[in-house]
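One structure is given below, encoded as C-alpha cells.
The values are calculated or read from the model by the stated rules, or taken from the named source; none is laboratory data. Not measured: the values here are computed from a predicted model. All Cβ positions, glycine included, derive from the backbone under ideal geometry; neighbour counts span all protein chains shown. Side chains included, ligands, DNA and RNA excluded: accessible areas come from the protein's heavy atoms. Shrake-Rupley method; radii C 1.70, N 1.55, O 1.52, S 1.80 Å.
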Amino acid sequence: MKAIIMAGGEGARLRPLTCDRPKPLVPVANKPVMEYAIELLRLYGIKDIGVTLQYLPQAIVDYFGDGSSWDVNLHYFVEDSPLGTAGSVKNAEEFLDEAFIVVSGDALTDFNLAQAIDCHQQRKAVATLVLTTVANPLEYGVVITGEQGRVVKFLEKPGWGEVFSDQVNTGIYVLEPDVLSLIPRGQMFDFSKDLFPELLARREALFATVLEGYWCDIGNLEQYWESHRAVLEGRVKVTPPAVYQGQGIWLGQGVEIHQTARLEGPILLGDYCRIGPGAEIGPYTVLGHNVQVKERAGIKRSVVWDGCYLGQNSQLRGAVLCQRVTVETGASVFEGAVVGDRSRIERDVTVKPEVKIWPHKRLGRGTVQYESLVWGSGSKKNLFGSLGIPGPLNREITPEVAAKLGAAYGSSVRANKKIGISYDGQQAIPMLKSAFLSGLLSTGVHGLDLGILPFPVLRYAVNALGLEGGVHIALDLEDANNVWFRFVNEQGIVFNRNQERKLENIFVREDFRRAGMEEMGLTYPLSNVDEIYSNYVLDQIDRKRIRDWGFKVVVGTVPGDPLAGLLSRLFNRVGIEQVSGMTGYASGEQLSPKGVSGVLEELAEAVVAHRAHLGAWLDPHGEKLILVDEKGQILDENLFQLLVASIVFQANPGAKVAVPVTAPQAVEVLAEKFDGQVIRTKTRASQLMEILSEPGFRYQQGDYPQILLQFDAVLGLLKILDFMARGAFSLSALTGEIPRFYMEVQSTPCPWEAKGQVMRRLIEEHGNDVVELVDGIKIYQDQGWALVLPDADEPVYRIYSEGFSQEAAAELAAFYAERIQHLLQRRDKQPLS
C-alpha cells in the first residue's frame, strides 16, 4: 500500500511559529511533526509515500530529500494554488495506482494503521475514515455512523446545538484509487465537504472506524503545548531524539550540565545543550539542540527551539522561543508568550503573558511588552457567546482588547467602508467605544458614532444608512460587571456563525490591515438617529387609527433610561396615554429574574387599577417585550411568540412564520387554522433573523412582518397596538384564541468536555424513536416532546419540554435532566464508548 502525507498547511493559527516555516516542519519534542508521520507509516511497512505541498514547499523538500535517511521513498507534488484536501491528493493521481492511506503532516498520532487498513479491506470499502473521540468537537468534523461503521452523516465544525457525537474525523483515510475520478482536477475540493458527501449521495461503501491511541491535530498553540505534554508523559508512543536517563529526564548527545544546576523531570534536553551554574530546568520543559542556559537562569513549562540563548538570571515560565532567540540577562518571558525566530529580548525586558513577538524583532532594554509586536496570534478561544463577545469589564474586556476588536472588524471589511457604533449610555462604555474606534480607524474603515441607542435602533440605522455593519457595546443586563460587544452585518442582522468565525480568526491571528497615513479612517458623529428611527416607526403604523382608539398603556422601563424617553416621545406623537409602572426599582435591580418578576407583578396590578388596555415591560436594550393584558395576565415568552404568529396569520391568511425549535406545537395548530405554514429554525437569533429578513418572506407577511414584531420591543409594541385598533381587539381576546399549551424549561450541569459524549449517547439511545436534529436533539414521546440542547455560554444542558399537562411537561424535562446526570456518572466511572 502507498501513502499520501498532506503537508501543504500554512499554519496561520500557529503564528509566529510558522512565519518562516511550513506547519509540518514545526518541531515537537525536537523533531518536525511530519517526521513522526513518516516513522509511523514506516512502522506499518508503508515506504512508498507521496507528499502534497503548497506553502513553502522547498523547505520540506530540503529537509526530507528523497526520504532515504528514513528508509522510505518520498515523492513530492506541489500545488501552485490551494486545491483543498482532496484536490491536493488528486494532484498526485498518477502516483496512486493502488489503494492508499492519507495522513496529515501536522498531526501527532500513534494509531495502529494496520487496523484501519484491515477494516477497509474486510468491508470492501471505497473509503474508510479513521475517527477518534475528543472532549470538545466544535473545531472538528463530527461523523455519525450506523451499523457496522457505515457513515450516515457529516457535520463540519458544528455549534453546540449540532454536536451529535464526540467522534470526529482525524483526517486519516484509506481510499481506493477509483475515488480520484470524482475529484475535479485543478479545483478546490475537500474530502469532508465535497468528496465524502458525494460518496454518501451515491451510496458507495463509505465506512469509518474508531481507533484507540493518541491523536492531536496541532492546529493552534494550545494543541502545540498538548503534544509536548503527551510526549513527556509517555501518552503517545513516539521516541524523542534523546536517551532516557530515568526520573523523567531525556538527554541528547553531548549535553553539558553544571554540577550545581537542578533538573526536574519530565524534561527533554537536545544535543549539545549547555546548562550553567545554578540554573533550574523545571518540569515540562523541552530544550532544542545547542541551547545555552546561563548562570541562575530558570525555565519551567517552556519549549525552546534550536540555538537559543538564555542569559544570567533570565526566566521563562510557560513560554515558547523559536529558533535562535536571545533572551538577555534578567529578562523574563511569561505564560503563553511566544517569541519568533531570531528575535532579541534585551536586558531586563519583561514579556507579559500571551504576548506574541513576530520573527526578527528587538525589544530594547527594560521594555515591558504588554501587546503582541507587529503581528501576533491571540489566545482567546470561543470569543463569541450567544449574543456577541462577552467578558468582565476592564479585566478581560480592556481598552486594549476593544482596540483589537475594532482592528479585527475593520480588517474583515473593505477599506473606506463605514461601520456604525452605538452604546447603552452606561458610564464605563465610552472608554471601550473610543478604543474600538481607534482600532477600526487604523484599518482604513470609517466609524459613524451613533451615540446612545437601543440595540434595535442600531440595527435599523445600519440598514437604513447603507453601512457595512455595526457594533453595539452594552453592559450585561443581569451582571453589571460584564460587557457585551454585539455585531451586525450590512442588513442589520446579528452575525451568524460564519461571520463570527471570520472576525474571531482575524482577532486571534492579529492579522490586521494597517492603513497608510492618507488612508486612515475618519469618525463621523451622527446625533439624530433616534429621530430618524422614530419617523420610520411612525411610518410603519396607522397613526390616526391608534390615536382614535385612545390607548392607555402602563409601561415598565427604567426612569431616565434612553429607551424610556424614546418610547414616551413616540406615545405622545400618536396620542397614547402612558402610565408609569415603575416604583421603587433601581436600574440594576429590575434586571435580575427576581426584579423582573416583581416589576411584572406591579405592572399587572397597575394595568387593572388604571383600567389600561395593556401593560408593557421593555428591557433597557430595547429587544425584549413582555406584555400584560387588561385583566392582569402576564404573557410569557412562549405566549408572546404565539401572539406574534397569530397576528401574522390573521393579517395574512396563508402566510409563513418562522419559529425556533423550542416553540410550542400550538403554532402548528394556528397555522392549520389560517392555512399557514411554519418553518422551524435553530435557536440562534441570527438564523431566525436571516430567514425573516428575506425579501420574499417579509413581503408575504404584509403589514405585520414578524421581524418587526419580534426583535424590536418599541416597534413591536406599537405594531401590536395598531393590530388591536384595526380589529377592535382586546389583548385578552387575541390571546384567548391561542390554543392552550404546557411548557417546561430546566437546566442541568454538564462539563464542556462531556457535551459531545452525552449528545452521542442520547442519539444512540433514541435511534429507533422519532427525533429531530435541527438544533440539539428533539425527542417525541407519547406524552409530548423534549428538546435537549447544549448551552453555548455555560457548561449546562437546557431541556425544553411540552406535554399534555404542566405536570407531564415537568416530568419529561426532569427525566432527561436526570438521564444526563446518569450518563455523566457513568462517564466518571468509565469513559463513554
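Laid out as a table, the results:
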{"quantity": "Contacts under 6 angstrom Cβ, first residue in the range 709-735 being under 14 Å from Val628 (Cβ atoms), partner aromatic (Phe, Trp, Tyr), 6 or more apart", "calculated": "Leu721/Phe551"}
{"quantity": "Subset of the range 206-248 (residues that are of a type in the set (D, E, K, R) and open to solvent by less than 60 Å² (accessible area, probe 1.4 Å))", "calculated": "Asp217, Glu226"}
{"quantity": "Selection from the range 176-200 of residues that are among the hydrophobic types (A, V, I, L, M, F, W, C) and more than 14 Å from Gly87 (Cα to Cα)", "calculated": "Leu199, Leu200"}
{"quantity": "The range 767-783, residues that are more than 23 Å from Val134 (Cβ to Cβ) and either open to solvent by 20 Å² or more (accessible area, probe 1.4 Å) or hydroxyl-bearing (Ser, Thr, Tyr) (or both)", "calculated": "Asn768, Asp769, Val770, Val771, Glu772, Val774, Tyr780, Gln781, Asp782, Gln783"}
{"quantity": "Complete set of residues in the range 327-340 that are assigned to a loop (DSSP other than H, G, I, E, B) and either open to solvent by less than 10 Å² (accessible area, probe 1.4 Å) or on the phi > 0 side of the Ramachandran plot (or both)", "calculated": "Gly330, Ala331, Gly336, Ala337, Gly340"}
{"quantity": "Number of the condition not met by Leu440 [criteria: (1) over 17 Å from Ser411 (Cα atoms); (2) part of a helix (DSSP H, G or I); (3) in contact (Cβ under 8 Å) with a residue 40 or more places away in the chain]", "calculated": "(1)"}
{"quantity": "All positions within the range 348-371 that are over 11 Å from Ala331 (Cα atoms) and hydrophobic (A, V, I, L, M, F, W, C)", "calculated": "Val355, Ile357, Trp358"}
{"quantity": "Selection within the range 180-210 - without any contact (Cβ under 8 Å) to a residue 24 or more places away in the chain, assigned to a helix (DSSP H, G or I) and of a type in the set (D, E, K, R)", "calculated": "Glu198"}
{"quantity": "Selection within the range 747-761 - assigned to a strand (DSSP E or B) and either in contact with a Ser or Thr (Cβ under 7 Å, 6 or more places away or on another chain) or open to solvent by 20 Å² or more (accessible area, probe 1.4 Å) (or both)", "calculated": "Ser747, Pro749"}
{"quantity": "Answer from Glu744, Glu794, Glu811, Glu764 - the residue that is assigned to a loop (DSSP other than H, G, I, E, B) and open to solvent by 30 Å² or more (accessible area, probe 1.4 Å)", "calculated": "Glu794"}
{"quantity": "Members of the range 660-696 found to be open to solvent by 30 Å² or more (accessible area, probe 1.4 Å), of a type in the set (S, T, N, Q) and over 19 Å from Gly736 (Cβ atoms), listed by number", "calculated": "Gln677, Thr683, Gln687"}
{"quantity": "Subset of the range 708-733 (residues that are under 30 Å from Ala808 (Cα atoms) and either touching a Cys at 6+ places or on another chain (Cβ under 8 Å) or surrounded by fewer than 20 Cβ atoms within 10 Å (Cβ to Cβ) (or both))", "calculated": "Ser732, Ala733"}
{"quantity": "Scan of the range 35-46 for residues that are buried (at least 17 other Cβ atoms within 10 Å of the Cβ) and free of Cβ contacts under 8 Å to residues at least 60 places away in the same chain, ordered by number", "calculated": "Glu35, Ile38"}
{"quantity": "Enumeration of residues in the range 622-634 that are outside any strand (DSSP E or B) and crowded, with 24+ Cβ neighbours inside 10 Å", "calculated": "Gly622"}
{"quantity": "Count of the range 414-441 residues which are open to solvent by 20 Å² or more (accessible area, probe 1.4 Å) and of a type outside the set (Lys, Arg)", "calculated": "13"}
{"quantity": "Residue satisfying all of: in the range 133-191; open to solvent by 20 Å² or more (accessible area, probe 1.4 Å), on the phi < 0 side of the Ramachandran plot and polar (S, T, N, Q); modelled with the highest pLDDT among these", "calculated": "Ser181"}
{"quantity": "Within the range 63-107, tally of residues that are over 22 Å from Gln187 (Cβ atoms), over 32 Å from the mean Cα position of the chain (by Cα) and of a type in the set (Gly, Ala, Ser)", "calculated": "5"}
{"quantity": "Wholly within the range 460-562, strands (runs of 3 or more DSSP E) carrying at least 1 residues that are open to solvent by less than 10 Å² (accessible area, probe 1.4 Å) and either in contact (Cβ under 8 Å) with a residue 12 or more places away in the chain or of a type outside the set (Gly, Ala, Ser) (or both)", "calculated": "469-475, 482-488, 552-556"}
{"quantity": "Every residue from the range 697-707 that is open to solvent by 30 Å² or more (accessible area, probe 1.4 Å) and assigned to a loop (DSSP other than H, G, I, E, B)", "calculated": "Gly702, Asp703"}
{"quantity": "Odd one out for Gln369 among (1) modelled with pLDDT under 95; (2) open to solvent by 70 Å² or more (accessible area, probe 1.4 Å)", "calculated": "(2)"}
{"quantity": "Residue within the range 49-59 that is open to solvent by less than 10 Å² (accessible area, probe 1.4 Å), outside any strand (DSSP E or B) and at pLDDT 90 or above present", "calculated": "no"}
{"quantity": "Scope the range 249-270; condition part of a loop (DSSP other than H, G, I, E, B) and under 13 Å from Ala29 (Cβ atoms); matching residues", "calculated": "Gly252, Pro266, Gly270"}
{"quantity": "Residue in the range 6-23 that is free of Cβ contacts under 8 Å to residues at least 40 places away in the same chain and closer than 20 Å to Val238 by Cα present", "calculated": "no"}
{"quantity": "Qualifying residue in the range 89-100 (condition: surrounded by fewer than 17 Cβ atoms within 10 Å (Cβ to Cβ) and among the polar types (S, T, N, Q))", "calculated": "no"}
{"quantity": "Search result, residues across the range 6-22 that are touching a Leu at 6+ places or on another chain (Cβ under 7 Å) and within 20 Å of Val72 (Cβ to Cβ)", "calculated": "Ala7, Gly8, Pro22"}
{"quantity": "Residue within the range 655-667 that is more than 27 Å from Ala786 (Cα to Cα) and in contact with a helix residue (DSSP H, G or I) (Cβ under 8 Å, 6 or more places away or on another chain) present", "calculated": "yes"}
{"quantity": "Options Ser412, Ser379: the member that is within 30 Å of Lys682 (Cβ to Cβ), modelled with pLDDT under 90 and in contact with a helix residue (DSSP H, G or I) (Cβ under 8 Å, 6 or more places away or on another chain)", "calculated": "Ser379"}
{"quantity": "Which numbered condition Val304 fails, given (1) buried (at least 22 other Cβ atoms within 10 Å of the Cβ); (2) modelled with pLDDT under 95", "calculated": "(2)"}
